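Remarks on the structure that follows.
The values are calculated or read from the model by the stated rules, or taken from the named source; none is laboratory data. Predicted, not measured: the structure shown is a model, and the values here were computed from it. Backbone-built Cβ (ideal geometry, glycine too); neighbour counts: all protein chains shown.
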Ligand SMILES: Nc1ncnc2c1ncn2[C@@H]1O[C@H](COP(=O)(O)OP(=O)(O)OP(=O)(O)O)[C@@H](O)[C@H]1O
Ligand SMILES: [Mg+2]
């Protein structure tokens, strides 16, 4: 039965090829965008989760300001954290170790080229080096990490060494950071995080002099003692700092985050962006649906006589409705199917382009659910758009319809 | 006494358009018996098509009763009517009225689809019917690849597809040259007789009505004369 309707519908669509193709464009574009956005967004979330899991769940991040801006992001706040806070935190129960980092965006010159990169000024004592070593972002591939006694030495990220400048930066090369020459003593392993792979690490004392920051920190990385619950420790740190600063709960001018929160925080920001973009793409799908409705109305008008004939040979109103719902649904479905294909290609293209730019954490994640969901949704939008035209078709007076020339 | 296949009782059809009333049928009563070969004749605008549409369940009377096969179908719902129409009635129109995007064989299959007849059975029946109308070589052709006479043959095959009680033909030769028209008339009467169908032909052409055993003449929406085998039964 449905197969027979399909034949009738398909033969009609074939006859109006150009119009049918134009009609599916709206849905096609919308679904393309949605598929690309969702698969890239999901891929990004997965990648970020994986990246941060390399930090380990026993870490707590303390930074100035009410909002966490990312491990090496700049803080838009006048609030500060300094050695006094570091000592406070070190004395909180369950804290094993606190590292203070200073991070700045800085001008890096190599050869004739000048670029901007994140510079992380980190302590060089063996405890700090050991802790940073345990974090997947800071694994040295070639050479060594900066160590005690180093002054104008740096270890640099993988992509910064390989791709940032026309000439590759080699071990023992000198790079110019904010007018000061540093010798490269180590090149990090590729971490997959674009931020860390394009970063320079220098000793903290040198960094303080260079940037003119005598006592503040950009962030603390806190390691929690084995057996302590990071969530409880984080809460204790918060309370201690709040008391010290005479602040009410909820009014903190600093933030204390668990690794897990950082992941979900980044995830939330991504989802919001993703939802906004998908919302825009959905408008295209709605416009596509209106296009289908319009085309189906035209088709109903053009096929008036045929509708009369179908009724004359025994088609019930129900059959007529189904036929035009199928017609509209197919327009949606074909648009959706092409959209899925095109969206997949687009997502893969973005993935490749991003990888070329060094951001190879971006992987398109296409699930069967996403594909099937898109197809069902497209068919649904099409069929829904066909409801009014289909009802119009079914209500047609047979004698009038059949008397059309 | 024979039971009528179709019986109209005091049927009126009045079209109302912007205050103007057109009475297309005025108090029409008639009986059509199984196996009848009837010709409805009358001048243009006399209400022949309207009468056929009501008898063929394509339209409802404004007043009066329409009885098909002993059932009063005046009160049937739309979908009940559609079922009865699909099963018991076949149409041949002046304009052929084939679906242009479907082949000859698919057009013949169409009425069977709505009776839920399985695909292979439909194909067999369509092939057989197209064979009977002499079109076995045109099965896979689209209507616009066929001559008018060939198209009307497809329409005849389609009208017979569900083995209906009655076949209605509204000016079936109106779009054909006289030679082809005669062939189509012959084919229609021959097939109806062979399959024992009741056949109602509408025409305003008295020549075509020659030799048809029963004639209903209408004028201004009223039956003015009924003739059977040359004998006039009713006159007004
Ligand atoms: N939908 C309609 N609305 C208004 N008037 C109509 C409608 N259909 C038919 N009529 C009128 O009803 C009358 C009978 O029309 P009908 O088509 O039955 O005539 P006919 O005998 O078939 O004519 P012809 O030989 O030209 O086909 C005519 O006066 C016609 O104008
Ligand atoms: Mg007529």
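Do we have any residue at all in the range A:16-26 that's modelled with pLDDT under 90 and more than 14 Å from chain B (Cβ to nearest Cβ)? Yes - at least one qualifying residue is present in the range A:16-26. For the range B:146-184, filtered to residues that are within 14 Å of another protein chain (Cβ to nearest Cβ) and in a helix (DSSP H, G or I), the residue that is farthest from ligand 2 (Cβ to nearest atom) is B:157. Reported count of residues in the range B:19-39, each being within 16 Å of ligand 2 (Cβ to nearest atom) and within 18 Å of residue B:230 (Cα to Cα), is 2. Taken residue by residue, the range A:208-230 has at least one member that is buried (at least 17 other Cβ atoms within 10 Å of the Cβ) and under 24 Å from residue A:113 (Cα atoms). Looking across the range B:177-211, the residues that are within 16 Å of ligand 1 (Cβ to nearest atom) and either modelled with pLDDT of 90 or more or more than 16 Å from residue B:41 (Cβ to Cβ) (or both) come down to B:181, B:200, B:201, B:202. Here is the figure for the range B:212-236: residues that are touching a strand residue (DSSP E or B) at 6+ places or on another chain (Cβ under 8 Å) and within 16 Å of ligand 1 (Cβ to nearest atom) total 10.
With the range A:145-242 as the region, which strands (runs of 3 or more DSSP E) entirely inside it contain at least 1 residues that are touching a strand residue (DSSP E or B) at 6+ places or on another chain (Cβ under 8 Å) and closer than 24 Å to residue A:90 by Cβ?
Fully inside the range A:145-242 and qualifying: A:199-203, A:219-224.
Within the span defined as the range A:264-279, one or more residues are farther than 29 Å from residue A:55 by Cα and either at pLDDT below 80 or surrounded by 13 or more Cβ atoms within 10 Å (Cβ to Cβ) (or both). Is at least one residue of the range B:49-63 farther than 23 Å from residue B:90 by Cα, in contact with a strand residue (DSSP E or B) (Cβ under 7 Å, 6 or more places away or on another chain) and away from ligand 1 (no atom under 15 Å from the Cβ)? Yes, the range B:49-63 contains at least one residue that is farther than 23 Å from residue B:90 by Cα, in contact with a strand residue (DSSP E or B) (Cβ under 7 Å, 6 or more places away or on another chain) and away from ligand 1 (no atom under 15 Å from the Cβ). The single residue among A:309, A:326 that is within 14 Å of another protein chain (Cβ to nearest Cβ), buried (at least 19 other Cβ atoms within 10 Å of the Cβ) and modelled with pLDDT of 95 or more turns out to be A:309.
Looking across A:89, A:108, one residue alone is at pLDDT 90 or above and under 14 Å from residue A:256 (Cα atoms). It is A:89.
Can you spot a residue in the range B:157-170 that is surrounded by 16 or more Cβ atoms within 10 Å (Cβ to Cβ), farther than 29 Å from residue B:116 by Cβ and in contact with a helix residue (DSSP H, G or I) (Cβ under 6 Å, 6 or more places away or on another chain)? The answer is no, given that none of the residues of the range B:157-170 is surrounded by 16 or more Cβ atoms within 10 Å (Cβ to Cβ), farther than 29 Å from residue B:116 by Cβ and in contact with a helix residue (DSSP H, G or I) (Cβ under 6 Å, 6 or more places away or on another chain). Restricting attention to the range B:101-120 and to residues that are more than 22 Å from residue A:318 (Cα to Cα) and in contact with a helix residue (DSSP H, G or I) (Cβ under 8 Å, 6 or more places away or on another chain), the residue that is nearest to the other protein chains (Cβ to nearest Cβ) turns out to be B:105.
Conditions (1) within 23 Å of residue B:193 (Cα to Cα); (2) within 16 Å of ligand 2 (Cβ to nearest atom); (3) buried (at least 18 other Cβ atoms within 10 Å of the Cβ), marked per residue:
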| position | (1), (2), (3) |
| --- | --- |
| B:17 | no, no, no |
| B:41 | yes, yes, yes |
| B:54 | no, yes, yes |
| B:68 | yes, no, yes |
| B:75 | no, no, no |
| B:96 | yes, yes, yes |
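For the range A:362-405, a residue qualifies if it is more than 16 Å from ligand 1 (Cβ to nearest atom), surrounded by 15 or more Cβ atoms within 10 Å (Cβ to Cβ) and not in a helix (DSSP H, G or I), and the qualifying residues are A:362, A:363, A:364, A:365, A:366. Looking only at residues of the range B:202-218 that are within 15 Å of ligand 2 (Cβ to nearest atom) and surrounded by fewer than 17 Cβ atoms within 10 Å (Cβ to Cβ), we find that the one that is farthest from the other protein chains (Cβ to nearest Cβ) is B:205. Exactly one residue out of B:84, B:11 is buried (at least 17 other Cβ atoms within 10 Å of the Cβ), more than 16 Å from ligand 2 (Cβ to nearest atom) and within 14 Å of chain A (Cβ to nearest Cβ), and it is B:84.
For residue A:246, indicate whether it is out of contact with any strand residue (DSSP E or B) (no Cβ under 9 Å at 6 or more places or on another chain), surrounded by fewer than 18 Cβ atoms within 10 Å (Cβ to Cβ) and farther than 18 Å from residue A:88 by Cβ. So residue A:246 fails the test.
Only one of the listed residues (B:129, B:187) is part of a helix (DSSP H, G or I), over 17 Å from the mean Cα position of the chain (by Cα) and within 30 Å of residue B:207 (Cβ to Cβ). That residue is B:129. Does residue B:60 satisfy the condition of being within 14 Å of chain A (Cβ to nearest Cβ), at pLDDT 95 or above and more than 14 Å from ligand 2 (Cβ to nearest atom)? Criteria not met by residue B:60.
Is it fair to say residue B:26 is at pLDDT 90 or above and over 27 Å from residue A:315 (Cα atoms)? Yes, satisfied.
Checked against (1) assigned to a loop (DSSP other than H, G, I, E, B); (2) modelled with pLDDT under 90; (3) buried (at least 18 other Cβ atoms within 10 Å of the Cβ); (4) more than 22 Å from the chain's Cα centre (by Cα), residue A:55 passes all but condition (4). Name the residues in the range B:1-31 that are over 20 Å from residue A:399 (Cβ atoms) and in contact with a strand residue (DSSP E or B) (Cβ under 7 Å, 6 or more places away or on another chain), would you? B:2, B:4, B:5, B:7, B:9, B:10, B:27, B:29, B:31 - these are the residues of the range B:1-31 that are over 20 Å from residue A:399 (Cβ atoms) and in contact with a strand residue (DSSP E or B) (Cβ under 7 Å, 6 or more places away or on another chain).
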